[in-house]
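The values are calculated or read from the model by the stated rules, or taken from the named source; none is laboratory data. This structure is a prediction, so every number in the text was calculated from the model and none was measured. All Cβ positions, glycine included, derive from the backbone under ideal geometry; neighbour counts span all protein chains shown.
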Amino acid sequence: MPSNKFLPTLNLVLAIVGYQFATNLAMPFYGIDVESATNQVTIPYRLFTIAIATIVIVQSFRKQKVILKQNRTTKFLMVFWFLLLLRLFYDLQIRTDIFIQQAEAFRIWPYVLLLCLYCGFSVAISYKKIDMHLAFRFTAFALTISLILSLVYNPLLLANSIEIDTRLEGNAALKTIVFGQMGLSAVIIGACMMYSERSIFLKYIIPIFLVIFGALISLRSGSRGPLISFFAIVVFAIIAYSKKPLVGFMAVFLFIGLIVAFSQYILTLIERIAPVLAERLMYTTTNEDRTVLYQEAWERFVYNPFFGDRFAIIYPDGSYIYSHNMILDALMGMGFFGGIIFLAMYFSVTIDAYKLIKYDKKKYMWIVFILIQQMAAGMVSGAFYLKPVLTILIIFIALSTTNYRKVRILYQQTSDKESVSSTKIRTITQNFVRESKIGYRPFV
């Protein structure tokens, strides 16, 4: 593997699982000491990711002329970020009719400017150098270590279900929602390893460990978000892996029907493993906190539907909370136009992800599923400007699709498919790949 691929690859992996890996590594030293782990691990780790991004940017500009390519998705992303930056700057720096605590405002800007935009830019200019196989192995390794440390230092994960009466946090810095999503990421990576790896150790032993204990963590975290993300991934996979779209949509309806028909049995099974989650699924009410946040965000949108009212729900003491739904956040902050742009971006990157799955399953399957997981998670938790992994994955998937389009256009322009031999098409495509140094295999 060329050495110039290592740092760009690490740069992407850090965005996906770096935070979970770093905070889990701190558990032998800090245990459940939340403050020590947050101050002495999280901040140095963030500085490390920014340093890696900086090195990648410097190397990219030093070795070649950087040209930022765009497609439909990246254009939507740029417009959305422009609107979001205007809203944040106005609310945090100019506006006087609302009060935001200085500490709260200070926490937002590093996420926005450094972790989302700066690190996103580093991926945008180096995406061609990212080794997807190495990134997959790095991600699997980080999740395996994270799960082992979580099992060792969180005894309730392996306790009898009757002993569990609360939602489980992962470690000193991972709360229940992030912990549950980490478990689902382990399930995704384990399943993809079974599909793509060859050796017994990597195809069966490690994947089975990731799937079983990843599912256990996801369920015992007590968060409903991972279940929603898992459902979205299954629906996407059914459609993407179907040879005909109509068959895929019919299979999705069949899948939904089976979920509804066997819902009671599914709840019983979940109750035996994770009684807290089962209770939350069975007794969800319209008066719970998240529903109240949804209503408040909608009311703010209705108050000013054209330009939006504010970036978050702001309390009298100067603290704030996001609505726990990124679509509502976009409507509340940027009005009807911002909401449309956000939905268009989500729809566009989903199409890009679908194309990549169709093009090369083994290469892109795992990262596409991680993207779908994070997109679905954004419907029930998190804010876009506090979730760098979403911006970075959208950029990577969108730009990867631009290379896919180049090869596809070349294939279409060669000549009529029926009159050109497969050998000729393969030769022309290989020449294109060699000249552009993309490294993609030909279509035929």
Could you say whether any residue in region 263-286 is on the phi < 0 side of the Ramachandran plot, surrounded by 14 or more Cβ atoms within 10 Å (Cβ to Cβ) and aromatic (F, W, Y)?
no
Given the residues L83, L47, which is the only one that is at pLDDT 95 or above and at negative phi?
L83
Scanning region 186-238 for residues that are under 19 Å from G378 (Cα atoms) and of a type outside the set (A, V, I, L, M, F, W, C), the one surrounded by the fewest Cβ atoms within 10 Å (Cβ to Cβ) turns out to be R224
Could you figure out which of (1) in contact (Cβ under 8 Å) with a residue 60 or more places away in the chain; (2) in contact with a Ser or Thr (Cβ under 9 Å, 6 or more places away or on another chain); (3) not charged (D, E, K, R) isn't true of A237?
(2)
Within region 321-336, work out how many residues are within 23 Å of T96 (Cβ to Cβ) and surrounded by fewer than 21 Cβ atoms within 10 Å (Cβ to Cβ).
2
Can you name the condition, by its number, that F347 falls short on among (1) modelled with pLDDT of 95 or more; (2) surrounded by 17 or more Cβ atoms within 10 Å (Cβ to Cβ)?
(2)
Looking only at residues in region 100-116 that are among the aliphatic types (A, V, I, L, M), surrounded by 16 or more Cβ atoms within 10 Å (Cβ to Cβ) and in a helix (DSSP H, G or I), which one is farthest from the chain's Cα centre (by Cα)?
I108
Which listed residue, of Q70, Q93, is of a type in the set (S, T, N, Q) and either at pLDDT 95 or above or more than 25 Å from the chain's Cα centre (by Cα) (or both)
Q93
Restricting attention to region 109-130, does a residue exist that is under 27 Å from S400 (Cα atoms) and either touching a His at 6+ places or on another chain (Cβ under 7 Å) or polar (S, T, N, Q) (or both)?
yes
Condition check for F136: of a type in the set (A, V, I, L, M, F, W, C), surrounded by fewer than 19 Cβ atoms within 10 Å (Cβ to Cβ) and modelled with pLDDT of 95 or more
no
Take the conditions closer than 23 Å to K355 by Cα, modelled with pLDDT of 85 or more and either touching a strand residue (DSSP E or B) at 6+ places or on another chain (Cβ under 6 Å) or among the small types (G, A, S) (or both) and apply them to S126. Does it pass?
yes
Considering only helices (runs of 4 or more DSSP H) wholly within region 231-340, the ones with at least 3 residues that are closer than 30 Å to R87 by Cα are 289-303
Only one of these conditions is not met by T291: (1) of a type in the set (S, T, Y); (2) within 24 Å of S221 (Cα to Cα); (3) modelled with pLDDT of 90 or more; (4) surrounded by 11 or more Cβ atoms within 10 Å (Cβ to Cβ). Which number is it?
(3)
Of I188, I270, I200, which residue is within 18 Å of the chain's Cα centre (by Cα) and among the β-branched types (V, I, T)?
I188
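Listed here are the residues, each with its yes/no results for (1) of a type in the set (D, E, K, R); (2) surrounded by fewer than 19 Cβ atoms within 10 Å (Cβ to Cβ); (3) within 17 Å of L390 (Cα to Cα).
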| position | (1), (2), (3) |
| --- | --- |
| F61 | no, yes, no |
| L68 | no, yes, no |
| R72 | yes, yes, yes |
| F76 | no, no, yes |
| V79 | no, yes, yes |
| Y90 | no, yes, no |
| I98 | no, yes, no |
Return the total of residues in region 98-121 being closer than 21 Å to Q20 by Cα and touching a residue at least 40 places away in the same chain (Cβ under 8 Å).
11
The residue that is nearest to V276 (Cα to Cα), considering only those in region 159-201 that are part of a helix (DSSP H, G or I) and without any contact (Cβ under 8 Å) to a residue 12 or more places away in the chain, is E163
